[in-house]
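Chemist: Encoded as structure tokens, here's the structure I'll be asking about.
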Amino acid sequence: MSAPGMPPRDREIDPITLSTVWHGFQTTCREMRHLMTRTAQSFLMAQLKDMSVGVWRADGATVAMPEGLLDQFLGTRFAIADIRDQFDDDLRPGDVILTNDPFHGGHAPHLPDWGFIRPIFFEGKLEYFTLVRGHVMDTGGSFPGGYFPNGFDIHAEGLAIPPTKVVDAGSERRDVMNLIFNNVRFREEMEVDCEAMIATTAFAERRVHEILESYGAATVRRCIDAMLDRTERAVRAEIASIADGVYEGASATDDDGTVLDEPVWVRVKVIVAGDEMTLDFSESDAQRPGFVNRIFAATYGTAVGSAILGMDPALADYHNEGSLRPITVIAPKGSVLNCEYPATVGGSPVAVGEQITEAVTEALSYARPERAIAPWGKHRGDYTSGLDTRNGRPYVRTSFDYDGSAGAMHGFDGATGPASFGCLGTVMRGNVEEAEVRFPWRVTKLEVVPDFMGAGRWRGGGGVDWRALNEGGPGRMATGSSDGDEMVPKGVLGGADSPRSRTFVERDGELIRVKPHRMQDLLPGDLMIKLSSGGAGVGDPRERDPERVREDVAEEMVSLEAAARIYGVALDPETLEIDAERTAELRAAAGPRPAIVIDEERLTVSLEREA
Amino acid sequence: MRIAVDIGGTFTDCVVEDGATTRLVKSPTTPDDPVRGVLDAVAKAAGAEDPAAFLGRAERFVHGTTLATNVLLTKRGAETGLITTAGFRDVIQMRRGIRNLGTSMFDQFRPPYEPLVPRSRRLGVAERTLATGAVETAVDEAEVEAVAGRLVEDGCESLAIGFLHSYVNPENERRAKAAVERAAPGAYVVCSHETLSILGEFERFSTTVVSAYVGPAVSAYLGELERRLGEAGFDGSLLIVISSGLMQTVEECRMRGAELLVSGPAAAPTAAIAAAAPLGYASVLEVDMGGTSFEVCMIREATVPTTREAFIGEERVATETVDVNSIGAGGGSIARIDGLGLLAVGPRSAGADPGPVAYGKGTEPTVTDADLVLGYVPADYFLGGELRLDVDRAEAAIAELGAGLGLGAVETAEAIFETVTTSMANAVTEVSTKKGHDVRRFTMVAGGGAGGIHGAAIAHRLGIPSVIFPLSGPVLSAMGMLTMAVGQELSKVGVWDRLTVAPQQLEEAFAMLEAEAREHFARLGVAASDVALARSLSMRYLGQFHEVRIAAPAGALDAAAVERLREDFHACYLELYGYSLPWRGVEILEAHLRATAEEEAAAGVAPPGAAVAADLEAARAGERSCLIGGERREVPVFHRDRLGPGHAFEGPALIDSEASTILVPAEFAARVDERLNIVLEQRRGAGAGVEAAGDRMTMAS
């Protein structure tokens, strides 16, 4: 089952050495993340974990990929190929290469994702690469932090660093780093985080060396071949168990931030043939004027990672290049999923990155209903910058606190907690208390809103109401990482869509609506309000166990009205006892399912009135 | 006389230090009434003496129990409610993210997390304290009373109070607590600032809720234990092991349920230090392999390490806890073939019931079955012969598993042994490398019922040069309880400017903590002169999210002393992470004080002497057929009771005792020291490195 051109392998490798080496690489990646969270100072990297790590073979094959953001690391082999081309014989032990460029051989999803890549040599031979990529505090450009719309071209989005040696055989190239740091904001903070990333690649090198010293490079190579083959066989068996055919999915973002209020579509055909799968995005929209364009490596990473999601959870800890081999991704050049220089790409990790995951999981939900996953709440992010009047220093802040929750899966409700589909639960929220110490915003609310999710036989996790008061100076916010005011997470297998989300700024008693992909000025005393819907549902809500509906009402996750009108479950308003007879009547009566809507004056969430 | 009792999943261990002699006893745990098991163990230890007279002679009774952990993991805690800042009732449900740590991002098909307190019992009240400590909205006591009343009406017997920023100003929480106590007399009430005064509402609220959840059961159990020990004749001081590795009175523990969650394992590292320190070892890896779990603790400078980052099951518990890492690998761990065709061992365990196949009931092969088939475990002397093991049954089950791998029974048993050893070795590596330390510079102290057989194999795998098996190894935790100190950990979060904190402000913070500690010990009747105070500071580079604990000097602090602390921080950071940033500002976040009562430590296990054989040959109990280096060999078996100081021999060998067996692999030499520790040293092969035949590990030069 091995791909042609692969080196011959020893099928007799002993299983104990194999699993020891396998776990050794997995553990290395987990420890790298741990090291980053302990040493970075960026809220985004250390607390929210917007970063990725991994180990690749010298030929670019993925050895270990236990954790990260799909677009930040699953397509790293493209960067490795170009780095090997560019540097040829000029790679040496102790080198570290920095790149954040989506184009010119960097293959970064967007400019704020700085990746430090270290070649790992052993006994004089290039054996592996390791990568640490994190969303840094700033990358220059016309607004701090990233995710701002309307850049003229990629250069307006910030400093673009093609693969560049920043550490040469162990010594830092200070003039190069000085040039780079001179072109970004928060220089000292950036230096701390870059040191942490470089040190983490050095740590990975030490750990990989330990494995190589223990077993020898040849044995480790054979183990990796065996790892990749075993995973490939398992993934091929998973694909083979899906009926051959073409399954379609589609999702759109609200707009591209430049051409306003015009949705941008991602469309996929998942073609299953035997034990191989093709994800064909050819019918997606063309490259856009606005910043939702995605480079191919990022499209590839998100697409294959999303396809893996529905596979046997027993494989979850073991994915590697073998999982990727049977999957082909097609996205024609010049499309929004394979954009060309000098396209703007700043918003693309969210839009259209999340749309890729939504489209692929939708298509696979038709292919394998028993592994259906409904889309999660949309990311409702923003980058807010301004002056912290407590210390006179500028700040840039972003967060995941205000995101809705996970979508349902076949068999399980979605979890309630900050989550967006592109991140798959890898990112975390910060503590309100920590955020209040660091940023001049006082959080006044972070609470689940009843009914504010997609209903279903299995329902999505709860949507949230998040509010914070600006206690600092004037500032601006970029809502480039938000989505979902118009285009909502779609329910699958008859599950309900998640409701629309909204963001407002309340100023002097007036509500100013702020759409995704916009810029908004902020004043002292502004109250920012985010009503972020939860995940979508799986299966018809009228098939949900009435007892679970009763529990949801008791828990104030679902209203009595929604229980009756959406789930078809009649409860006594006082005792919450189930009225079985009335429930049977409600469930038998066919009728349109009422939508969940936000009252934009009172900021409440309720069921659409009966017609 | 001092008595220590540790209740484990299968056995209740008891150690008695009686003048110059020490007794070690294992007795079955009685889950339906754990106190009965405690009294049984004491009676067994009393031997011929009247148990009441025996207990009456004890000045101190130290106890560790997994009760709180069991209550938490089996969800049998109190009906609990949470009163919190309005608008933040879902903090404990949202946690810091939707996935538990350690779960793969590709493993989504899992039920959503369910908090210990359901949403309908998490109620907000209007109140707010700011990050500066200023009270923006004072709590309305009438509202709190009304809310508490509703929760009690709904059936809550335990109430947690968690307000934002209470770590800097607990005023609102204090007033709310008083109101709750008025509205809900008899309820168990805990506040977040009392449970754990740290910044970070999720960790603080979560820990407080866990404390409220397990607290009533803990309180009832400790009350019961105190009463029945008294009735049985005990009138000394009863002390309970807490997670931080110290001991506390029953009264202090009753409102601190979360601090009993690691009550048992927290004691073992202390015993390991006591065993290793006299031999001159300060860097120790303490490993404890029991029936279901393997625990490892990395000890540096003879100091028990603690952490605030623990999860117990799905619950985040952020109290200062002995940093013991646990994985599901023990004698009862079940071997199976996973989805990728690889042999996997654990984390599922056959436990005490049905137990390993060889016990006669179980059907899935376990590590103990493999150890038996390999000849390491004696079939006729397991637990001193109390339990006869069925070798044929174990071998049949292992053969069946092996068929799926194309391996015979013995080869499969070997693979199980190797696999579980690898898992444990990885756990050791993870613990040490996470902190940047090379395991090969450490000495291992191995304990637990199965630690004797697997300890040296792990050490061999990792290149750890020597392994100590203390006489108390099989009851390591109980032994540790005799060498622990009474005391507490106190912390103060600074409200000072973290970068430019003045020496005087630190001084004030320490003075406050020291006054609190002295008051605490005064209540226990300990003289101020007998209280040892150890200061430390949490420091980090400006803006980071994790701190490094740096020891601070006693006495007055001046600017130069603070500067030295910053230098210590740079050095410590460099050692931990491989780089430092001398140009970056260093923040000081918290002042800590560890206050302990100074007293004479227990002497450790004294040699009973009587049974010791005159020469090594007389200590031999025969031979056993074992698999060593892939071959069946007749291996000499020694009886531990007959081994005495000066006895020395080379592996392969086995050492049987009533409570456990020690395997001395071929690559090790064993000797017995004055304290009757068995000390194994890896034999030097060719050159300086370990390059024994078939050895995969090469030591770095």
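The values are calculated or read from the model by the stated rules, or taken from the named source; none is laboratory data. A quick note: this is a predicted structure, and the numbers were derived from the prediction, not measured. We place every Cβ from the backbone using ideal geometry, glycine too, and count neighbours over all the protein chains shown. Only protein heavy atoms, including side chains, enter the accessible area calculation; ligands, DNA and RNA are left aside. Shrake-Rupley method; radii C 1.70, N 1.55, O 1.52, S 1.80 Å.
Chemist: Quick one: check the C-alpha center-to-center distance for region A:11-84 versus region A:182-249, whole angstrom.
Modeler: If you average the Cα positions of each part, the centres end up 3 Å apart.
Chemist: Here's something else I'd like to know. With just the Cα atoms defining each centre, how far is region B:525-568 from region A:327-369? Give it in Å.
Modeler: 53 Å
Chemist: From the backbone phi of region A:98-113, what are the Karplus-calculated ³J(HN,Hα) couplings (6.51 cos²θ - 1.76 cosθ + 1.60, θ = phi - 60°) in whole Hz, Gly and Pro given as x?
Modeler: After applying 6.51 cos²θ - 1.76 cosθ + 1.60, I find 9, 8, 9, 7, x, 10, 6, x, x, 6, 7, x, 7, 4, x, 7 Hz.
Chemist: Next question. When you count, for each residue, the other Cβ atoms within 10 Å and take the mean per peptide, how do A:91-100, B:149-158, A:495-504 rank with the highest first?
Modeler: Top to bottom by mean Cβ count within 10 Å: A:495-504, A:91-100, B:149-158.
Chemist: Would you mind pulling out the separation of the Cα centroids of region B:206-250 and region B:107-154, in Å?
Modeler: 28 Å
Chemist: In nm, to one decimal, how far is the modelled label at residue A:188 from the one at residue A:59, with both set 7 Å along Cα→Cβ?
Modeler: 4.9 nm
Chemist: Ok, one more. Compute the FRET efficiency between residue B:390 and residue A:260 as 1/(1 + (r/R0)^6), taking r as their Cβ-Cβ distance and R0 = 56 Å, and round to the nearest 0.05.
Modeler: Rounded to the nearest 0.05, the efficiency is 0.15.
Chemist: Go through A:481-487, A:295-301 and give me the packing order, highest mean Cβ count within 10 Å leading.
Modeler: The peptides rank, most packed first, as A:295-301, A:481-487.
Chemist: Follow-up. Give the percent of DSSP beta bridges with both residues in region B:321-477 that are antiparallel, rounded to the nearest 5.
Modeler: 75 percent
Chemist: Skipping prolines and chain starts, which residues have an amide H placed within reach, meaning under 5 Å, of the one on residue A:114, given they are 5 or more residues away or on another chain?
Modeler: A:134, A:136
Chemist: Just flag the GluC sites (Glu not before Pro) in region A:120-229 sitting in loop per DSSP whose Cβ has no more than 11 other Cβ atoms within 10 Å. Could the numbers behind the result be given before it?
Modeler: Details: sites: A:123, A:127, A:157, A:172, A:188, A:189, A:191, A:195, A:205, A:210, A:213; in loops: A:123.
Those satisfying the criteria are A:123.
Chemist: Right, next: Using only Cα atoms and rounding to the nearest 10 degrees, what angle (0 to 90) does helix B:34-46 make with the longest principal axis of chain B?
Modeler: Approximately 50 degrees, to the nearest 10.
Chemist: Where in region B:531-577 does accessible area fall by at least 40 Å² between the isolated chain and the complete protein assembly, at a 1.4 Å probe radius?
Modeler: Residues of region B:531-577 that lose at least 40 Å² of accessible area once the other chains are added: B:544, B:545, B:546, B:577.
Chemist: Within region B:302-322, list the residues whose amide N lies under 19 Å from a label point set 7 Å along Cα→Cβ of residue B:534.
Modeler: Within reach of a label on residue B:534: B:302-309, B:319-322.
Chemist: Could you look at chain A and say what percent of its accessible area is carbon and sulfur, using a 1.4 Å probe and all protein chains?
Modeler: Looking at chain A in its full context, I get 49 percent from C and S.
Chemist: Need one number: buried accessible surface between chains A and B, 1.4 Å probe, both sides summed, DNA, RNA and ligands left out, in Å² to 100. Numbers along the way, then the final one.
Modeler: Values: alone 23020 and 29090 Å², together 44710 Å².
Separately minus together, A and B give about 7400 Å² buried.
Chemist: Per-residue HN-Hα couplings for region A:253-269, Karplus 6.51 cos²θ - 1.76 cosθ + 1.60 at θ = phi - 60°, whole Hz, x for Gly and Pro?
Modeler: With coefficients 6.51, -1.76 and 1.60, one gets 9, 4, 6, 9, x, 10, 8, 7, 6, 10, x, 10, 9, 10, 10, 10, 10 Hz.
Chemist: Additional query: Return one whole number: the accessible area per residue of region A:551-609 in Å², for a 1.4 Å probe.
Modeler: 59 Å²
Chemist: Could you calculate the contour length gain from residue B:309 to residue B:617, that is, 0.36 nm times the residue separation minus the distance between their Cα atoms, to one decimal place in nm? List each step's numbers first, then the result.
Modeler: Values: separation 308, 0.36 × 308 = 110.88 nm, distance 5.04 nm.
Extending this stretch completely gives an extra 105.8 nm.
Chemist: Report ³J(HN,Hα) in whole Hz for each residue of region B:565-570, in order, from the Karplus equation J = 6.51 cos²θ - 1.76 cosθ + 1.60 where θ = phi - 60°; Gly and Pro get x.
Modeler: These are the phi-based 3J(HN,Hα) values: 4, 5, 5, 4, 4, 4 Hz.
Chemist: Out of region B:346-410, which GluC sites (Glu not before Pro) are coil in DSSP terms and have no more than 15 other C-beta atoms within 10 Å?
Modeler: Sparse-neighbourhood loop GluC sites (Glu not before Pro): B:386.
Chemist: Which of the listed residues, A:96, A:281, B:54, is farthest toward the dipole's positive end in the protein assembly as shown, when Lys, Arg count +1 and Asp, Glu count -1 at the beta-carbon?
Modeler: Farthest along the dipole direction, towards plus: A:96.
Chemist: Scanning chain A for helices, which whole DSSP H stretches are 30 Å or more long along the axis (Cα) and average -1.0 or more by Kyte-Doolittle?
Modeler: Values: long enough: A:15-39 (36 Å, -0.38); A:187-215 (42 Å, -0.37); A:217-240 (34 Å, -0.06).
Once both thresholds are applied, what remains is A:15-39, A:187-215, A:217-240.
Chemist: Same structure, new question: Would you please name the chymotrypsin sites (Phe, Trp or Tyr not before Pro) within region A:122-222 that are DSSP coil residues with at most 15 other C-beta atoms within 10 Å of their C-beta?
Modeler: Answer in residue order: A:152.
Chemist: Turning to a different aspect of this structure: Figure the gain on full extension for residue A:88 and residue A:508 (residue separation times 0.36 nm, minus the Cα-Cα span) and round it to one decimal in nm. All intermediate terms of the calculation are to be shown ahead of the outcome.
Modeler: Details: separation 420, 0.36 × 420 = 151.20 nm, distance 6.15 nm.
Extra length available between residue A:88 and residue A:508 comes to 145.0 nm.
Chemist: Mind checking the mean number of beta-carbon atoms from other chains within 10 Å of the Cβ atoms in A:442-452?
Modeler: Mean shielding count: 4.
Chemist: Along the positive direction of the dipole of the protein assembly as shown (beta-carbon charges: Lys, Arg +1; Asp, Glu -1; about the Cα centre), which of A:509, B:426, B:346 reaches farthest?
Modeler: B:426
Chemist: With a Förster radius of 41 Å, plug the Cβ-Cβ distance of residue B:138 and residue A:341 into 1/(1 + (r/R0)^6) and report the FRET value to the nearest 0.05. Write down the numbers at each step before the final one.
Modeler: Working: r = 59 Å, r/R0 = 1.45.
The pair residue B:138/residue A:341 has a calculated efficiency of 0.10.
Chemist: Follow-up question, since we're still on this one. How far apart, in nm, are the 7 Å Cα→Cβ label points at residue B:411 and residue A:561?
Modeler: A separation of 7.0 nm, rounded to one decimal place.
Chemist: Also: Helix B:201-231 versus the longest principal axis of chain B: what angle, 0 to 90°, nearest 10, using Cα atoms?
Modeler: 70 degrees
Chemist: Relative to the Cα centre, what is the charge dipole magnitude of region A:350-417, using +1 at the beta carbon of each Lys and Arg, -1 at the beta carbon of each Asp and Glu, and rounding to the nearest 20 debye?
Modeler: Details: 7 positive and 9 negative charges, 50 e Å.
Once rounded to the nearest 20, the dipole reads 240 debye.
Chemist: Specify which residue in the list B:30, A:308, B:280 is farthest towards the positive end of the charge dipole of the protein assembly as shown, using unit charges on the beta carbon of Lys, Arg (+1) and Asp, Glu (-1), about the Cα centre.
Modeler: Towards the positive end, the residue furthest out is B:280.
Chemist: Using r as the Cβ-Cβ distance of residue B:527 and residue B:674, and R0 as 45 Å, what FRET efficiency do you calculate, to the nearest 0.05?
Modeler: Computed FRET efficiency for residue B:527 and residue B:674 comes out at 0.85.
Chemist: Among A:428, A:528, what's the order by accessible area (1.4 angstrom probe), most exposed first?
Modeler: Ranking A:428, A:528 by accessible area, largest first, yields A:428, A:528.
Chemist: What is the sum of charges around residue A:525, taking Lys and Arg as +1, Asp and Glu as -1, for the other residues whose C-beta is under 14 Å from the C-beta of residue A:525?
Modeler: With Lys, Arg at +1 and Asp, Glu at -1, the neighbours total -3.
Chemist: Using a 10 Å cut-off around each Cβ of peptide B:85-93, what is the average number of partner chain Cβ atoms that fall inside?
Modeler: 5
Chemist: With a 10 Å radius around each residue's Cβ, average the other Cβ atoms per peptide and rank B:83-89, B:276-282, B:641-647, highest first.
Modeler: B:83-89, B:641-647, B:276-282
Chemist: Still on this structure: Give the average, rounded to an integer, of partner chain Cβ atoms located within 10 angstrom of each Cβ in A:410-416.
Modeler: 5
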